[in-house]
Amino acid sequence: MSDRHPSSWPLVEGPHDPEHDPTASYALDRGYVAGLTERLAATSGRTEELRSPIGDQPLAHIPQSSEDDVEGAFRRARRAQESWARTPLDVRAATLLRLHDLVLDHQQEIIDLICLESGKARKHAFDEPMHIALTARYYARTAHQHLDTVRVRGVIPVLTRVDVNRVPKGVVGVISPWNYPFTMALCDGLPALLAGNAVVAKPDAQTMLTALLSAKLLEEAGFPADLWQVVAGPGPEIGPALVQRADYICFTGSTATGRLIAQGCADRLIGCSLELGGKNPILVLRDADIEKAAEGAVRAAFSNAGQLCVSMERMFVADQVYDRFLERFVARTEAMTLGATLDWGNDMGSLISRRQLETVTAHVEDAVAKGARVLTGGRARPDLAPFFYEPTILEGVTPEMTCFGNETFGPVISAYRFHDEAEAIARANDGDYGLNGSIYSRDTSRARAIARQIRCGTVNVNEAFAASFGSIEAPMGGMRSSGLGRRQGIEGVLRFTDTQSVATQRVTPIAPRFGLSDKAYGALMTAGLRVMKKLGRA
C-alpha cells in the first residue's frame, strides 16, 4: 500500500496477540495517534474514545479541551497572526502550493484515515484530498487577483485617488463536520490563511484524527506552528467559546445549530458563513438521457452513503420517462458493490454512527408505515458493518411522512412523478431549504434556464454535485435555511477580510476655495455632475 518505512505507516499490520501486544485491538499504531493528538490544545485531563465504523475498532482516546484551552489557543493564534499578516502575499501563496504537493504525496495516508474514521467508500474518501489540492492551487494562483490593493474612481477625476485595501479579519473560528473531515477541516481555512488570518479549528469529535493530520500537513508545508490551532470537545461547550473569541466564524452543519451560531455572531457584530442542511432536488426532464441520468442519480443519492450536504433526497421525474428511468435507477442501485473496508472497489460505505443509522431507519420505517413503497433497499446490513444501511429508493412518499421534508442525511431518496415542468420547479422549491439542485436534460440551454428558477445556491446540469463543488472558482453555499455566505471563488476569500478605503485628495480640497461663496461652489459642483453624466462616468 505504501513504500514508506513501516514505522511511519499508521495502520496496525496483521493479527497480533492482545495478551502480549496492547496495540492489537487498535486499528492504528498508537505512536502515530499520539503524534497527531499532541497537536491539540487540550489540558483538561479528560479524553473521549474514538471508534471506527468499520468493525467498531477503537482508534484513539482524544484529549478534550477546556475553555481555558480555547482561550490559550486564541492567544497563541493572535500572536502568530500579527506576524503572518506582514508576510508577503507571494510567500503565503507559495506555502499553499507546497501544501498542494504534500496532500497529493500523502493521499493514501489521508484516505486511510478518512475511511477508518468515517466508514465511507475509498473512492469517496479520494474526493477529499483531490478537493483540497484544487482549493490550495486555486487560491495560491489567484492570490493577487483577489487580495491586491485596487484603485477605484475618486469623486473628482485626477484630483481624488482612492485605494481599496483588503485587511485580514484576525483569527477565524472554523467549526467543521464529520462527513467530509479532510475537506471541511481545510477548505474554509486555506483562503483565511492566504488572506493573512490565523485559524482556531474545532473539528467534529468523530473525525478528529483526520483534522489533526491536516494540521500536521499545514505545518510541514511551512505555515507557522501556532497559526492553526485545534481544540476538541462537545459542540455546546466548545462552540460558544469559539464564537465569543473569534473575529469571524465558519460553520458547516445543521440548520438548528447554524441559527444559534448566527445569533452569537450577531451579538458580537462579527461576520459568519454558514453551510447548513438541505433537502436537495434532482429533476429528470422528459428529454433526459436515461442511462446518464440513472448513473448520475446513483452518485447523487448514495455518495458517502448520502451523508453529504449537497446529495439528493428528492427526485422529480417526467411522466414520459418515469417508468423507464426508475427501472434503470433501481437496477443500477442494486448492482452497487457495498462494503466497509479500506479497499478500492466499494460503491458505498457505512454510515458513521449508530445515531445516523437510527435516524435513517426511523425515516424509512415511518414512511413505510404510512404507505410508502420500498423499490429497493430499506434495511440495515450489520453483516457488512455495525452501522451499514442499504441504498434505498422510496416511492409514494407524502407530506405526513418524516422523510418528505426533513433531511435524512443517509442513503435514502424519494421518487416523484411530474406532468409539467412548472409543477416540477414548484415542488423542487417547496420547503425551507435551498442548497443544491440537479437537472438532467439533453437540452442544456433549457436546463440552465430552469436552473435560474430553482432556489438553490448551486444547480448542476447533467451532474449531481461534483461539477459545481469541484469548480473552485464557482461560489458554493445555500439559499434560505441552507445557509449564509459562500465558500470558494472570490467570495470564499474576501469574506475573511475587511475592506478599507484610503482616499487621497490633491491640489484642492472638496470645499469652496479661491474666494468662492458656498452658493457659487454649489453651482460649480452641480455643473460638474451634469458634465460627468454626459461623459458617461459612473
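The values are calculated or read from the model by the stated rules, or taken from the named source; none is laboratory data. Bear in mind that the values here come from a model prediction, so they are computed numbers and not experimental data. Here Cβ is always computed from backbone atoms with ideal geometry, including for glycine, and neighbour counts include all displayed protein chains. Keep in mind that these areas ignore ligands, DNA and RNA; they rest on the heavy atoms of the full protein, side chains included. Shrake-Rupley method; radii C 1.70, N 1.55, O 1.52, S 1.80 Å.
Residues of the stretch 376-397 include at least one that is in contact with a Lys or Arg (Cβ under 8 Å, 6 or more places away or on another chain) and over 17 Å from A305 (Cβ atoms).
Listed here are the helices (runs of 4 or more DSSP H) enclosed by the stretch 170-276 that have at least 2 residues being β-branched (V, I, T) and touching a strand residue (DSSP E or B) at 6+ places or on another chain (Cβ under 8 Å): 235-243, 255-268.
Against the test of being within 41 Å of the chain's Cα centre (by Cα) and surrounded by fewer than 16 Cβ atoms within 10 Å (Cβ to Cβ), the options A511, A474, A527 yield a single qualifying residue, A474. Restricting attention to the stretch 209-235, the residues that are within 18 Å of the chain's Cα centre (by Cα) and among the polar types (S, T, N, Q) total 2.
One line per residue, one yes/no per condition, for (1) crowded, with 18+ Cβ neighbours inside 10 Å; (2) touching a residue at least 60 places away in the same chain (Cβ under 8 Å); (3) not in a loop (DSSP other than H, G, I, E, B):
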position: L394; (1), (2), (3): yes, no, yes
position: F404; (1), (2), (3): yes, no, yes
position: A422; (1), (2), (3): no, no, yes
position: R442; (1), (2), (3): no, yes, no
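If you go through the stretch 324-344 and keep only what is outside any helix (DSSP H, G or I), touching a residue at least 60 places away in the same chain (Cβ under 8 Å) and of a type outside the set (A, V, I, L, M, F, W, C), you end up with G339, T341, D343. Output the number of the condition that D319 fails; it satisfies all remaining conditions of (1) touching a strand residue (DSSP E or B) at 6+ places or on another chain (Cβ under 6 Å); (2) over 12 Å from A415 (Cα atoms); (3) loosely packed, with under 14 Cβ neighbours inside 10 Å. Condition (2) is where D319 drops out. Would you mind stating whether P411 is farther than 21 Å from G478 by Cβ, touching a Gly at 6+ places or on another chain (Cβ under 7 Å) and either buried (at least 23 other Cβ atoms within 10 Å of the Cβ) or not acidic (D, E) (or both)? Considered against the rule, which asks whether it is farther than 21 Å from G478 by Cβ, touching a Gly at 6+ places or on another chain (Cβ under 7 Å) and either buried (at least 23 other Cβ atoms within 10 Å of the Cβ) or not acidic (D, E) (or both), P411 comes out as yes. For the stretch 304-323, the set of residues classified as in a helix (DSSP H, G or I) and either without any contact (Cβ under 8 Å) to a residue 12 or more places away in the chain or over 16 Å from L394 (Cα atoms) (or both) consists of N304, D323, listed by residue number.
Number of residues in the stretch 132-148 that are over 28 Å from P181 (Cα atoms) and either open to solvent by 80 Å² or more (accessible area, probe 1.4 Å) or part of a strand (DSSP E or B) (or both): the value is 2.
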